[in-house]
Every structure is written in C-alpha cells, then in structure tokens.
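Every number in this text was worked out from the coordinates using simple rules, so none of it is lab data. Only a predicted model underlies this, so the values are computations on that prediction, with no experimental measurement involved. When we count neighbours, we look across all protein chains shown, and the Cβ atoms used for this are built from the backbone with ideal geometry, even at glycine.
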Amino acid sequence: LRVAPPLCGVLLASFSSAEDLFSLPALPYSYDALEPHIDAETMKIHHGKHHAAYVAGLNAAAPKTESGKGDALALAALQKTAVKKGTAVRNHGGGHYNHALF
C-alpha cells in the first residue's frame with residue numbers, strides 16, 4: 001500500500017488508542033451547517049453511520065499496536081497488513097479518507 005501525502009495526514013491525524021488505530025473525527029461544524037444544500041439528517045447518517053462504519057472496518061483490518069500514537073511505526077504496520085488485507089484496507093481506508101475530507 002502506498003499512501004499519498006494527503007492521505008498520510010488524514011490517517012495519522014485520526015489515530016486513537018492502543019486498541020484501535022483510527023477514530024471517528026468530530027465534525028468541525030454542526031450537522032445543519034450545510035443546509036439547505038445538505039440537510040442535517042443526511043449529515044448525521046454520513047458521519048454517524050457511513051463514516052463510523054469505515055473507521056470500524058479499517059480498525060478491524062488494521063494491526064493492533066502498543067503505541068497507538070499515530071507514529072510512523074503504526075503506519076508502517078498498516079502498510080504491511082495491506083499486503084494481506086489489501087481490499088479491506090483500501091476500501092475502508094478510502095471511505096474513511098473520503099468522508100474525513102468533508
């Protein structure tokens with residue numbers, strides 16, 4: 001798995017505890033902030049369900065580490081895991097990345 005610089009930043013910024021490498025980031029705005037273009041219910045579904053599912057799937061595919069600090073060793077461990085679980089890491093990591101952008 002090769003991780004482009006923007007993806008590295010999103011992935012590293014979302015590391016959480018030693019149990020899970022990734023966490024669901026809080027939105028920097030309220031669910032209704034994008035109305036009338038995107039309604040609050042749609043934002044709740046995308047953040048609380050879709051994005052959360054991508055984070056959970058990525059954590060399920062990712063290796064468990066002791067540090068859990070978002071360091072280079074944890075990212076390297078994820079890259080090694082991608083060789084064995086490439087589809088899961090690509091799909092859930094991509095979904096997490098895409099949802100974190102917005």
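Observations, loosely collected:
- Taking packing as the residue-averaged number of other Cβ atoms within 10 angstrom, the listed peptides 25-33, 48-56 run from highest to lowest as 48-56, 25-33.
- For the stretch 91-102, Karplus couplings with θ = phi - 60° (6.51, -1.76, 1.60), whole Hz, Gly/Pro x: 5, 6, x, x, x, 5, 4, 4, 6, 5, 5, 10
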